[in-house]
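Here's the structure we're looking at; comments come further down.
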Amino acid sequence: RGEVAAERLLVREVPLEGVRLDFSQSDRVLTAAIPQGRLADGVFWSRLTLDHERAGTRFAWQLDLTNMQLARLAQAIPYWRNRAITGTASVGVSLTGTAAQRASWRGEGWLNAKGERLGDMPLLDKLILGLFGALGDRLGLEPLRRAEITDVSCRWQLAEERLSTQDLRLGGLAGTEPTALYA
């Protein structure tokens with residue numbers, strides 16, 4: 001058993017603040033938990049369990065992060081610095097599986113974000129702009145291709161190496177017109 005605490009910790013230049021890591025090891029099971037910390041002014045908690053079996057390392061990971069300030073995060077990540085992302089985001093993640101076997105990974109989670117230029121967030125940029133671009137091409141509405149995303153929300157599931165959602169909601173402005181897309 002043990003505990004490590006830091007007022008400020010950099011993880012690949014991303015600052016975590018007020019972090020305490022509690023860990024324990026017993027019978028080939030390692031558990032690490034952060035009961036509370038701050039990331040870009042948002043509050044988070046996380047828990048990771050690693051079960052070292054003969055067939056491989058099984059894991060279970062949970063994370064909840066609320067009210068993260070995207071502009072502050074963008075300044076901390078070199079690749080994001082030239083993007084004008086602002087607003088807040090909250091995320092929840094729960095994943096389980098065997099580390100070396102991606103097909104075994106199962107999970108679910110949620111994402112809510114409000115702000116400006118959310119379509120410029122890495123990973124989301126391809127998805128969001130791709131959806132608006134395809135819809136704009138299909139309907140002959142060129143302004144959709146250049147939509148500024150201001151709201152994103154979804155619940156997602158991971159199974160059999162596929163990420164799926166049934167309630168992706170995007171909102172923003174296409175030119176001067178408000179736009180909403182539900183997928």
Those residues of the range 166-180 which are crowded, with 17+ Cβ neighbours inside 10 Å and farther than 16 Å from G87 by Cβ, in sequence order: L168, A174, T179
E108 being among the acidic types (D, E), modelled with pLDDT of 70 or more and in contact with a Leu (Cβ under 9 Å, 6 or more places away or on another chain): yes
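Quickly run through the range 22-50 and pick out the residues that are among the acidic types (D, E) and at pLDDT 95 or above. Spell out the reasoning first.
Looking only at the range 22-50, we keep the residues that are among the acidic types (D, E), and these are 22, 27, 41.
Listed by number, the list holds a single entry, D22.
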Some residue of the range 124-145 being at pLDDT below 75, of a type outside the set (D, E), outside any helix (DSSP H, G or I) and open to solvent by 80 Å² or more (accessible area, probe 1.4 Å): yes
Residue selected from the range 78-88 under the condition open to solvent by less than 40 Å² (accessible area, probe 1.4 Å) and either among the aliphatic types (A, V, I, L, M) or assigned to a strand (DSSP E or B) (or both), by the criterion farthest from D151 (Cα to Cα): I85
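Got at least one residue in the range 23-35 being touching a residue at least 60 places away in the same chain (Cβ under 8 Å) and within 18 Å of the chain's Cα centre (by Cα)?
At the first step, the residues of the range 23-35 found to be touching a residue at least 60 places away in the same chain (Cβ under 8 Å) are none.
No: the range 23-35 contains no residue that is touching a residue at least 60 places away in the same chain (Cβ under 8 Å) and within 18 Å of the chain's Cα centre (by Cα).
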Of all residues making up the range 51-72, the number that are aliphatic (A, V, I, L, M), touching a residue at least 40 places away in the same chain (Cβ under 8 Å), crowded, with 16+ Cβ neighbours inside 10 Å and not in a helix (DSSP H, G or I): 0
Top-ranked residue in the range 163-183 [being more than 19 Å from the chain's Cα centre (by Cα) and part of a loop (DSSP other than H, G, I, E, B); ranked as modelled with the highest pLDDT]: T176
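The values are calculated or read from the model by the stated rules, or taken from the named source; none is laboratory data. What you are looking at is a predicted structure, and each value in this text was computed from that prediction instead of being measured. Cβ coordinates were reconstructed from backbone atoms using ideal geometry, including for glycine residues, and neighbour counts include every protein chain displayed. The area values use the complete protein model at the heavy-atom level, side chains included, leaving out ligands, DNA and RNA. Shrake-Rupley method; radii C 1.70, N 1.55, O 1.52, S 1.80 Å.
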